[in-house]
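Q: Mind having a look at this structure? Questions to follow.
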Amino acid sequence: MSLEGQDPRGRWQRMVADYRALREAERRDLAGATLPERIEIVEALQDFMEEVERMAGSSAASPFREMIRRLHHILEANRIPYVIIGGLAAALWGIARTTVDVDVVLVLSSDQTSFLLDRLREAGFRASAEAFLRLREGRPVKLFFTRRFSVDLHQASFRLDREAIRRAREVELFGLALRLATPEDLIVYKLARWEPIDEQDVRAVLESQRGSLDWTYIEAAVRDLAQEAELPELLARWSRLKEEIDG
């Protein structure tokens with residue numbers, strides 16, 4: 001679809017109409033797609049979001065891709081262990097969807113925390129004055145790249161975090177070798193957060209990856225996180241989901 005030369009209002013209406021045309025039933029049909037097909041779909045959907053951002057006045061030619069590229073370069077150049085969780089991983093392992101942020105879990109020493117934040121600020125990310133203390137205390141930090149796109153940093157605090165980093169799967173996405181959480185680790189992260197989008201993502205990943213999931217690992221990870229993070233409701237959520245799956 002070429003958008004050159006079209007009236008801005010008409011372009012917006014056409015883009016929204018095209019996106020809405022990807023109905024829920026059609027999106028669920030994508031659950032059986034191969035990984036290369038999933039990558040192509042996710043990249044196409046993010047291109048849609050980038051076009052929306054450009055129409056909103058972003059100066060970056062490809063803001064989401066550029067955000068990912070700069071983040072990836074800094075993490076790799078400084079050998080910082082990390083794994084991408086959240087919507088980007090969910091879009092690959094579950095049902096394709098867009099996301100406006102990238103959730104990253106990483107392992108940082110006290111010296112690296114300040115260094116990383118400085119490098120990210122130099123690369124165009126905007127962080128609050130409290131970012132350093134938040135990361136040191138194990139609280140998430142949001143860094144804005146544009147008004148719409150951002151990165152959420154999480155310091156590894158639980159066994160799940162370190163296991164997810166160790167088990168991360170390298171995927172060629174947006175022309176970069178990104179380290180994404182496995183479907184199993186993503187499910188556990190989403191069970192812990194459990195907002196409406198997380199429940200949708202968990203069900204989508206279970207539906208799409210059911211035949212290849214390591215159920216024993218998920219069970220153990222859920223129990224460990226429930227105990228370590230003092231989240232007994234995690235066990236209840238997982239039990240309910242298993243009952244539904246078993247029919």
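Any read-out appearing in this document is the output of simple, stated calculations on the displayed coordinates, not a laboratory observation. The shown structure was predicted, so the numbers you read here are calculated from the model rather than taken from an experiment. For neighbour counting, all protein chains shown are included, and Cβ atoms are generated from backbone atoms with ideal geometry for every residue, glycine included.
Q: Using the Karplus curve 6.51 cos²θ - 1.76 cosθ + 1.60 with θ = phi - 60°, work out ³J(HN,Hα) for each residue of segment 85-100 in order, rounded to whole Hz, and write x for Gly and Pro.
A: Per residue, the Karplus-derived 3J(HN,Hα) values read 10, x, x, 5, 5, 4, 5, 7, 8, x, 9, 4, 7, 8, 8, 10 Hz.
Q: Computed over the Cα atoms of segment 169-228, what is the ratio Rg over Rh, Rh following Kirkwood?
A: Expressed as Rg/Rh, it is 1.01.
Q: Cβ neighbours within 10 Å, averaged per peptide: list 228-235, 182-189, 197-204 in order, most packed at the top.
A: Descending mean neighbour count gives 182-189, 197-204, 228-235.
Q: When the Kirkwood radius is taken over all Cα pairs of segment 120-247, what Stokes-Einstein diffusion coefficient follows at 10 °C and 1.306 mPa s, in µm²/s?
A: Result for D is 97 µm²/s.
Q: Let me ask another. At q = 0.16, 0.22 Å⁻¹, what log₁₀ I(q)/I(0) does segment 37-100 have when each alpha carbon counts as one equal point scatterer in the Debye sum?
A: -0.60, -0.99
Q: Another question about this same structure. By the scheme Lys and Arg +1, Asp and Glu -1, what is the net charge of all other residues having a beta-carbon under 10 Å from that of D201?
A: Every neighbour counted, the sum reads +1.
Q: How much net charge surrounds A131 when only other residues with a Cβ under 13 Å from its Cβ are counted (Lys, Arg +1; Asp, Glu -1)?
A: Counting the neighbours of A131, the net charge comes to +3.
Q: Okay, moving on. Where does segment 52-197 land on Rg(C-alpha)/(2.2 N^0.38 Å)?
A: 1.00
Q: What is the Cα radius of gyration of the chain over 2.2 N^0.38 Å, N being its residue count?
A: Against the compact-globule rule of thumb, the ratio is 1.05.
Q: Something else about it: Please give the calculated 222 nm ellipticity per residue for the chain, where each DSSP H segment of at least 4 residues contributes -39500 (n - 2.57) and the sum is spread over every residue; nearest 500 deg cm²/dmol? Each step should come with its number before you reach the end.
A: Details: 12 runs with 145 residues, N = 247.
One gets -18500 deg cm²/dmol as the mean residue ellipticity at 222 nm.
Q: Between beta-carbons, use under 14 Å as the cut-off and find the net charge around Q46, counting Lys and Arg +1, Asp and Glu -1.
A: Values: positive: R38, R54, R65, R69, R97, R148; negative: E40, E43, D47, E50, E51, E53, E66, D101.
Summing Lys and Arg as +1 and Asp and Glu as -1 gives -2.
Q: Considering the convex hull of the alpha carbon atoms of segment 75-150, report its projected area averaged over all viewing directions, in nm², one decimal.
A: Result: 5.5 nm².
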